[in-house]
Structures are given as structure tokens and as C-alpha cells.
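The values are calculated or read from the model by the stated rules, or taken from the named source; none is laboratory data. Given the structure is predicted, the values throughout are model-derived calculations rather than measurements. As a convention, Cβ positions derive from the backbone with ideal geometry for all residues, glycine included, and neighbour counts pool all protein chains shown.
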Amino acid sequence: MRGDSAPITCPGCGLGGVDVFYRVAGVPVNSTLQLSSRREARELATGTLALGFCHSCGFIHNTAFDPTLTEYSSRCEETQGFSPVFSRWQGELARRLVERHDLRGREIIEIGCGKGDFLNALCEIGGNRGIGFDPAYVPERNTSPARDRIKFIREFYTAENAPESGDFIVCKMTLEHIPRAADFVRMVRASLGDRRDVVVFFQVPDMRRILDEAAFWDLYYEHCSYFDKASLCGLFQRSGFEVQDLESDYGGQYLMLEATPGSAHVKAPATHADEVRRIAADVAGFRERAPRLMDSWRGRLAGWKVEGRAVAVWGSGSKGVAFLTSLGIGDEVRCVVDINPHRAGHFMAGSGHPIVTPRSLIRDPVDKVILMNPVYLDEVQSLLGEMGLNNIEVVSVTRRIR
């Protein structure tokens, strides 16, 4: 991990002045692939994280990202829908959007629909039709009563296949995977032409929280673009949208933006210098605290190993992969627990730790569980209690829940 300065052009605003402030080599290029053996998991291709901060617009991106290394296919298992907490939150979000925008009998397009859970919900609640784009979609997994009203295209959304129709466009947890984010948002705007009545809804991780918490476990290869409120809002304004709403949700983890097509004759406001300075201060704080936090976690895990404590990580998604591989953790952790039954029996990218179901802890208990996402603290403690495992200590990777 080191500071660096290089003549790098920002893909957000097109200007220079990008400072690399966080560097980790040898990180897995895919975090959610279903890997069937420890050897396959450990031999997965790796890349470099070299996060650069733009002093012109505040955008942060992985300056070393190579899109040819990543894979998006049916081998990806990214869904969070098996968590009751997440499922309730996502259902409430769908209902809120349907009510707010009167999405009834309309056509909804989702870019990066995953297994289709959210698009299904929007179409079920409002009696809508849908078009979903995602190469990771698995048809046989979809049991929604609305699936016959939805066309799923197992491809990336592009200028060539973008539908000319559509009353509402959704893009959840996808923009952060796109290396040239500005080009992509401009493509979405161009697909709408002269229509001014279409609402777009984008959801991305909140980089401000990641910087604030020095959350190195939230930085991984597939996420090549990072936003806070100012950089996200500025990106959409520069791309020809009028931002109608921008809020933080899900314990401060997600930014959710709603926008409508703006006039091509309206000049977008420049990024305010005070906002960029604030982000720069957050970046400086992360650069100072992240190494100390990483050393602290290595020390804790090493200490538990010496004491003979059996430790598991809860959450086999990208956070868990980043936590284990960034720290270089081996047998200090016995296994990784996940509530998603499709993840069980597979292995963690990079580290090779086995992924097990919660019930496996009954026959093979541990002393401590490191919870990768504190939003699920009550859910995990309740589940452990139902299994009679109240003696397992749950340690949140961070205790801040906003």
C-alpha cells in the first residue's frame, strides 16, 4: 500500500490529476464465481487494485483494472435474496418506487438484473412488464408469477440492444462494475432520445462510508468505479440528466439516485471545490487508517489462533473474499458461512476457504464468527440462537450501523 502520482486521466470527468492512494496486488478478479475445489479457488486469476482519486471531480476508480480478466456468467452467485433482512428491504424499496412513480401497467428495464429478483418484484407489485439484461441470469431459478411478463436477455446492456421503449430504468449495483462509467451513463441518456418523462434509478455502494470506516473489505477487483454523493450527482448532470433525488440507505451502504433526462442545452454545474476537498480529506484519512486496521485484524486473528479459538467468517460474497485475501488469511479462519444454499460446498476465491451452511456449525461449531456486514447482526444472532449456538461470539467487522 503506497501513495503514487501518475499522469492518469479520470474516466469520470476526462481531466487529469489522479492520485493513486491504495494499492493491493494479487487480488482475485472475481469474487462471486462458484468454484468447486480449493485448488480452483486458489488458482483463480488475480489482478491489482490501484485506487486513484481525481482532484478535479472527486471520482475514484481502479487505475489498474483490466475488464478482460473478469467473468460475468451463470457461474456467478451474487444474490442476497436468501437473507430475510435484505429481502424485506428490497421488497419495501420496490413498493416505494412503484407508489412514488405510479409504476402500474408500465414497462420497466433493468440493467444488470442478476437473477431477476428486483425486476420480478417491480412487475409483481405493479402489474408491470419488464426487460432484464444480465449474462448471469439463470432461467430455471425464476419462480416469480410475473416471469411470463418479463423478457430476460442474457447479455450486457449496450447501445445496440438498448430498447427504444421503457417507462422506468433500473440499474442496481452495476455501475460500479463499469470501467468507463461516464461513457455508460451517456449511452443510457442517448437511448432515451427526446423523452423527458422516463425516470432512471441507479444504486451503487457509498464510497464515503468505505473511506470513513477504512473498510478495505469493501474494495475488490470487480468494483472498478467508486462514488460518493457529489461525484455520482456530478456524473449524471454532466451526462445530460437532471437529478431528482439522491439518498443513502441500507445502513449507509448504498447510494440511490433518481434522475430524468435533461435538456441538452442546459449546462451542467461544475463540481464544487469544497466537495472535492472534503473527499480528498476522506481519502487522506483512509490512507492513514486502513494499514493500521489491517494490521489490527491480522493481530487479532493470529492471537485467536494461538489461543486455539476456532473462527469462521460469515458472508462468502465479495466482502468476505476481500477481507481474507487482503489480509492474507489462511488457517486462522476455519470456514466461511453463508445463508445462500447455492454457495455451500464451494470455495472462496483466492483463499480457498470452504463455504458452509449455518446449520453445519451445529456439528462443527466455532468459537467466533466475524460478520462481514453489520446490517445482518440481529439476523445472524437470532439464527444462531435458534440452532442453540448462543455461545458463539459474533464479532462485526465494523460496528457502525447508520
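Brief remarks follow.
- Those residues of region 51-62 which are more than 18 Å from the chain's Cα centre (by Cα) and either part of a helix (DSSP H, G or I) or among the polar types (S, T, N, Q) (or both), in sequence order: 56
- Residue 96 vs. criteria closer than 25 Å to residue 373 by Cβ and free of Cβ contacts under 8 Å to residues at least 12 places away in the same chain: yes
- Residues considered: 50, 25, 6. Of these, the only one that is under 30 Å from residue 233 (Cα atoms), modelled with pLDDT of 90 or more and of a type in the set (A, V, I, L, M) is 50.
- Scanning region 90-109 for any residue that is in contact with an Asp or Glu (Cβ under 7 Å, 6 or more places away or on another chain) and within 30 Å of residue 22 (Cα to Cα) turns up nothing.
- Subset tally (residues that are surrounded by fewer than 21 Cβ atoms within 10 Å (Cβ to Cβ) and either closer than 15 Å to residue 321 by Cβ or touching an Asp or Glu at 6+ places or on another chain (Cβ under 7 Å) (or both)) for region 51-68: 1
- Restricting region 353-372 to residues that are touching a residue at least 60 places away in the same chain (Cβ under 8 Å) and in contact with a Lys or Arg (Cβ under 7 Å, 6 or more places away or on another chain), the residue that is surrounded by the fewest Cβ atoms within 10 Å (Cβ to Cβ): 367
- Residue that is surrounded by the most Cβ atoms within 10 Å (Cβ to Cβ), among those in region 69-107 that are of a type in the set (Asp, Glu) and within 30 Å of residue 197 (Cα to Cα): 107
- Answer residue from region 30-50, given it is free of Cβ contacts under 8 Å to residues at least 60 places away in the same chain and either in the same structural domain as residue 351 (by TED's automatic domain parsing) or part of a strand (DSSP E or B) (or both) and is surrounded by the most Cβ atoms within 10 Å (Cβ to Cβ) among those: 50
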